[in-house]
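Here's the structure we're looking at; comments come further down.
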Amino acid sequence: MNSFHEDLWVSLPMPAFLIDGSDEIAEMNPAAESFLNSSAKAMKGKPAFDILAIDAPVDDKMRRAREDQA
């Protein structure tokens, strides 16, 4: 990330996650570290939907969006 984007990323007041094509956590901001009470380094590569309990079929929606883009 360039400096502007990194400054923006770390200043976001709400938890934010980047999830890669394998549905694993690629990055998370400091608010997300506080939210999960874990470091970004420890969470990197972990299955996102095993860590984040979301009461919605988000994983299916992400899979479909990736298929539509292919």
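The values are calculated or read from the model by the stated rules, or taken from the named source; none is laboratory data. These figures come from a predicted structure and were not determined experimentally. Quick reminder, even Gly has a Cβ in these numbers, built from the backbone with ideal geometry, and neighbours come from all protein chains shown. Calculation scope for accessible area: heavy atoms of the full protein, side chains included, ligands and nucleic acids excluded. Shrake-Rupley method; radii C 1.70, N 1.55, O 1.52, S 1.80 Å.
Summary table
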read-out: Point-to-point label distance, residue 9-residue 42, nm (Cα→Cβ direction, 7 Å offset); value: 2.0 nm
read-out: Probe 1.4 Å, protein heavy atoms only - accessible area per residue of the chain in square angstrom; value: 73 Å²
read-out: Cα-Cα pairs of the chain separated by more than 15 Å (percent); value: 58 percent
read-out: Carbon/sulfur fraction of accessible area - the chain, other protein chains in place, 1.4 Å, %; value: 54 percent
read-out: Cβ-placed point charges (K, R +1; D, E -1), dipole of the chain about Cα centre in debye, nearest 20; value: 60 debye
